[in-house]
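Participant: Here it is: the structure, laid out below.
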Amino acid sequence: MDDYVISDDDYQYSDDQDDSVEAYENDETDYQLITSKGPNTQVITKESLLAAQREDLRRVMDMLSVKEQHARTLLIYHCWDVEKLFAVYVDKGISHLFAEAGVTMDKHHHSDSSFRSLIMCEICMEDVPIDEATGMDCGHSFCNTCWTEHFVVKINEGQSKRIRCMAHKCYSICDEAVVRTLLGRKHPDMAEKYERFLLESYIEDNKRVKWCPSTPHCGNAIRVEDDELCEVECSCGLQFCFSCLSETHSPCSCVMWELWAKKCRDESETVNWMTVHTKPCPKCHKPVEKNGGCNLVSCICGQPFCWVCGGATGRNHTWSSIAGHSCGRYKDQEKSAERAKRDLYRYMHYHNRYKAHTDSFKLESKLKETIQGKIDISEEKDSKLRDYSWVINGLSRLFRSRRVLSYSYAFAFYMFGDELFKDEMSEAQREIKQNLFEDQQQQLEANVEKISKILEEPFDTFPDDKVMEIRMQIINLSAVIDKLCQKMYDCIENDLLGSLHQTHNIAPYKSKGIERASELSVWSNKANNTGRIAEVDRPSGSGSSDDHKCSSHKRARTESVGGRGGAFFDLNLPAEFVDRN
């Protein structure tokens, strides 16, 4: 533990250290490399949804030389997983690929259709003019009225994305152009609904794309390019887990966080408290709390009973016995009460610490306003130190590490309890792993509290030498905390969860903070004829958390902290990404 807890004696400011710090602050090579390869997450707005869908459609159309409607049918069947679609194409061939998805490429023409003026519809058994019947690629023809009613029924049943032919044992998917045309004649509202379902299938059926869970809904969706197990930030400011769509919760797995959130808001803990501290009256069965040392208690209904065993008794007792009652034999109820009491104390231990760090995070969020004032005052002074980005970086690091600490207690509650991994570890293994994790947790906690204390210092009133000393402390503590967070995540992934049979994955630790999704560009016809790409304007549903009055973890994207000339400071940006003067 002592290897990572930094004492005040460790900070000795010198010119050499200053040079190294400047190099550390200005080292943005890694971030430039990451940025150059493109973002891993993208925001899909209502305007850019069609462009995002056509990206995948174009890939399939170019690879298989098919029409857009057939490409969409193939992609919907494979849940918009282009790589999976191509894998089936390579492994099993194009015939199997088409047959499996219900795509018919060879049109069937009836040789005698040009010589007949009427055709019998096999659904309604009526003869209709040939121009009032429609045939699909599979070769089956029915009257337009039956087709239209079939489409309406399927859309109302929620099967609009894959409407099959009406013929018996025909699994071909109806031509979407025909569906649009026939619905548009009699049911334009259904045609519009069909179009919307086809478009939104890119989000509803695509495992790489999910709606932003903001409340009220901002209208955006998020697409991830690599790992689905990640934490992202929408352009509206909401940060959430992409896997389970709940608030960010790493290092907890999604299963752990779901159980923990339910436990915190459930009344089961109240029931546990009542089990430990009260006993039911044997007459009226209301819970009674003991407020004295005597084991002969009386309910408000007047019934006396023994607190030890809960049995009804007489009203009198001597120093050695209670009238009409004798108990002392072991009963299972006493064992259950002790177990409930132990479980309650264990829950309270982890919940109190989780709540303490959560409350600290909320209170420390107010530091940004205080730090803004301190920076303004410091910049007005005649000081040799003009760059205060180290304060901003330290504040960002404090926010990230505080959040990791709070969720680490929820992780520990389930990792070392009996709810999930009772049979996965022996008691000896559990104790060893718990000691390993708690050592790292305490190291991180000690340094987080230290940087929190230093950031609250009134550095705007200090002389330059003292400010330089604080600067070194914050920079060094930021680096140490980042290393400790990474070490804790590695321990969880490799030493704790990696050795279990159950699969519990966590979102990886990112030193630069939760990744903010970039807005997907769309092709702008209004720009010019050269095909310039224009950024999509944010829709009216998007905005900061203050506009929506959302939950506490939906924070505003930018705050005016630090820097002169109207510079902005974003708490979600990594420390090394903050723009300096």
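The values are calculated or read from the model by the stated rules, or taken from the named source; none is laboratory data. Given the structure is predicted, the values throughout are model-derived calculations rather than measurements. Cβ atoms come from the backbone with ideal geometry, glycine included; neighbour counts cover every protein chain shown. The protein model used for the area step is the full one, side chains on, heavy atoms only, and it has no ligands, DNA or RNA in it. Shrake-Rupley method; radii C 1.70, N 1.55, O 1.52, S 1.80 Å.
Participant: So LYS283 ticks every box in (1) modelled with pLDDT of 70 or more; (2) of a type in the set (D, E, K, R); (3) assigned to a helix (DSSP H, G or I) but one. Which box is left unticked?
Facilitator: Only one criterion is unmet by LYS283, namely (3).
Participant: I would also like to ask the following. For segment 114-123, which positions are open to solvent by 50 Å² or more (accessible area, probe 1.4 Å) and not charged (D, E, K, R)?
Facilitator: SER114, PHE115, SER117, LEU118, MET120, ILE123
Participant: Tell me, yes or no, whether segment 375-382 has at least one residue that is surrounded by fewer than 17 Cβ atoms within 10 Å (Cβ to Cβ) and not in a helix (DSSP H, G or I).
Facilitator: Yes; the residues of segment 375-382 include at least one that is surrounded by fewer than 17 Cβ atoms within 10 Å (Cβ to Cβ) and not in a helix (DSSP H, G or I).
Participant: Which of the residues spanning segment 493-520 are hydroxyl-bearing (Ser, Thr, Tyr), open to solvent by less than 60 Å² (accessible area, probe 1.4 Å) and modelled with pLDDT under 85?
Facilitator: SER518
Participant: For segment 156-187, name all the residues that are open to solvent by 80 Å² or more (accessible area, probe 1.4 Å) and hydroxyl-bearing (Ser, Thr, Tyr).
Facilitator: TYR171
Participant: Could you say which residue among GLU369, GLU419, GLU424 is open to solvent by 40 Å² or more (accessible area, probe 1.4 Å), within 16 Å of ASP495 (Cβ to Cβ) and either outside any helix (DSSP H, G or I) or at pLDDT below 95 (or both)?
Facilitator: Every option except GLU424 fails the conditions.
Participant: Of all the residues that make up segment 58-72, how many are open to solvent by less than 20 Å² (accessible area, probe 1.4 Å) and touching a residue at least 60 places away in the same chain (Cβ under 8 Å)?
Facilitator: Number satisfying all stated conditions: 1.
Participant: Pick out the one residue from VAL90, VAL152 that is modelled with pLDDT of 90 or more, part of a helix (DSSP H, G or I), within 30 Å of ASP56 (Cβ to Cβ) and open to solvent by 70 Å² or more (accessible area, probe 1.4 Å).
Facilitator: Only one candidate passes the filter, namely VAL90.
Participant: Please go through segment 126-145 and pick out each residue that is open to solvent by 20 Å² or more (accessible area, probe 1.4 Å) and either touching a residue at least 40 places away in the same chain (Cβ under 8 Å) or in a helix (DSSP H, G or I) (or both).
Facilitator: Those that are open to solvent by 20 Å² or more (accessible area, probe 1.4 Å) and either touching a residue at least 40 places away in the same chain (Cβ under 8 Å) or in a helix (DSSP H, G or I) (or both): ILE130, ASP131, GLU132, THR134, ASN144, THR145.
Participant: Pick out the one residue from PHE437, PHE459 that is surrounded by 15 or more Cβ atoms within 10 Å (Cβ to Cβ) and either closer than 20 Å to SER396 by Cβ or hydroxyl-bearing (Ser, Thr, Tyr) (or both).
Facilitator: Residue meeting the stated conditions: PHE459.
Participant: Let me ask something else about it. Would you check which residues across segment 188-239 are without any contact (Cβ under 8 Å) to a residue 60 or more places away in the chain, part of a loop (DSSP other than H, G, I, E, B) and open to solvent by 50 Å² or more (accessible area, probe 1.4 Å) and list them?
Facilitator: GLU228
Participant: If you scan segment 402-453, which residues turn out to be among the aliphatic types (A, V, I, L, M) and either more than 27 Å from the chain's Cα centre (by Cα) or closer than 20 Å to HIS504 by Cα (or both)?
Facilitator: Matches in segment 402-453: VAL404, LEU405, ALA410, ALA412, MET415, LEU420, MET425, ALA428, ILE432, LEU436, ALA446, ILE451.
Participant: Just to be sure, is LYS368 more than 23 Å from the chain's Cα centre (by Cα) and among the charged types (D, E, K, R)?
Facilitator: Yes, satisfied.
Participant: Next question, about the same structure. If I ask for residues that are part of a loop (DSSP other than H, G, I, E, B) and in contact (Cβ under 8 Å) with a residue 60 or more places away in the chain, which ones from segment 243-252 would you list?
Facilitator: Listed by number, the residues that qualify are SER243, THR248, HIS249, SER250, PRO251, CYS252.
Participant: Within segment 403-411, is even one residue β-branched (Val, Ile, Thr), open to solvent by less than 70 Å² (accessible area, probe 1.4 Å) and over 24 Å from ALA479 (Cβ atoms)?
Facilitator: The answer is no, given that none of the residues of segment 403-411 is β-branched (Val, Ile, Thr), open to solvent by less than 70 Å² (accessible area, probe 1.4 Å) and over 24 Å from ALA479 (Cβ atoms).
Participant: So is GLU449 open to solvent by 50 Å² or more (accessible area, probe 1.4 Å) and touching a residue at least 60 places away in the same chain (Cβ under 8 Å) or not?
Facilitator: no
Participant: Shifting gears a bit: For segment 462-492, name all the residues that are open to solvent by 10 Å² or more (accessible area, probe 1.4 Å), more than 20 Å from ASP376 (Cβ to Cβ) and out of contact with any helix residue (DSSP H, G or I) (no Cβ under 7 Å at 6 or more places or on another chain).
Facilitator: ASP465, GLU469, ASN476, ALA479, LYS483, GLN486, ASP490
Participant: While we're on this one: Can you pull out the residues in segment 45-57 that are open to solvent by 20 Å² or more (accessible area, probe 1.4 Å) and in contact (Cβ under 8 Å) with a residue 12 or more places away in the chain?
Facilitator: LYS46, GLU47, LEU50, ALA51
Participant: Does TRP319 meet the test of being in a loop (DSSP other than H, G, I, E, B), at pLDDT below 85, open to solvent by 10 Å² or more (accessible area, probe 1.4 Å) and among the aromatic types (Phe, Trp, Tyr)?
Facilitator: Against the criterion (in a loop (DSSP other than H, G, I, E, B), at pLDDT below 85, open to solvent by 10 Å² or more (accessible area, probe 1.4 Å) and among the aromatic types (Phe, Trp, Tyr)), TRP319 qualifies.
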